[in-house]
Amino acid sequence: MIERDVTFIEGRRKFYLEQYRIAESIDAWHAYAQRVVHSTTKEWFQRYGRGRGTRFLNAGSGGSDYGIAEPMTHLDLFESRIAHLNQRLVGDIARIPATDNTFDVVLCVGSVVNYADPLLAIREFSRVLRKGGLLVIEYERSASFEYLSRNGFSRGCCRMETFYGNAATHVWVYGDGFMDGLLAASGFERITETRFHAQIGRASCRERV
């Protein structure tokens, strides 16, 4: 699926290197969404992640820790984004360079999964998480009001054009049922969820059973 979309993959890497910056310096839409996602991630980590263990993976971190004052391993496509961090891995969330059952908590927020193959990424999260581990995942929804008048609105999986600041970009967006099915098939059970910014996105907290 997305892994065969060579144009998208090349564009993703170029966009991330050349355009991606902290959302507060981009536009109000993404700044608000980022604040909600980061605060929700921190809250859920503190509420549901503590006591599960001490091995935490921040998948697609971009160097952010979401205000969580705990040591964690940062995974990113480019070492330049995480070079200042002691615990780091360079790689794709669809091919995580870690052994099975390594982590107690995996965080994957910031719509990172919208730039990867969700089937492969979720399988990888399940593989590297131990049984009873926690996954916090966030993604942009195909049912967002932004896409209301477009072909693909509310579909399971669809590539859409969107914006980031003044730059146009493409992103894969997913339906809730589609993502729920992938997560359930990989052994994840939902604990809680929230939608944000006119329902552009959905953050979900899940346990690997």
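The values are calculated or read from the model by the stated rules, or taken from the named source; none is laboratory data. As the structure is a prediction and not an experimental result, all values here were calculated from the model. As a convention, Cβ positions derive from the backbone with ideal geometry for all residues, glycine included, and neighbour counts pool all protein chains shown.
No other residue among Gly201, Gly187 is touching a residue at least 24 places away in the same chain (Cβ under 8 Å) and touching an Asp or Glu at 6+ places or on another chain (Cβ under 6 Å) apart from Gly201. Kindly indicate the residue of the range 7-64 that is among the small types (Gly, Ala, Ser) and within 22 Å of Glu79 (Cα to Cα) and also modelled with the lowest pLDDT among those meeting that condition. It comes out as Ala23. Scanning the range 36-62 for residues that are of a type in the set (A, V, I, L, M, F, W, C), under 26 Å from Arg95 (Cα atoms), assigned to a helix (DSSP H, G or I) and touching a strand residue (DSSP E or B) at 6+ places or on another chain (Cβ under 6 Å) yields Val37, Trp44.
Of all residues in the range 144-161, those satisfying the criterion of being touching a helix residue (DSSP H, G or I) at 6+ places or on another chain (Cβ under 7 Å) and without any contact (Cβ under 8 Å) to a residue 60 or more places away in the chain are Phe153, Gly156, Met160.
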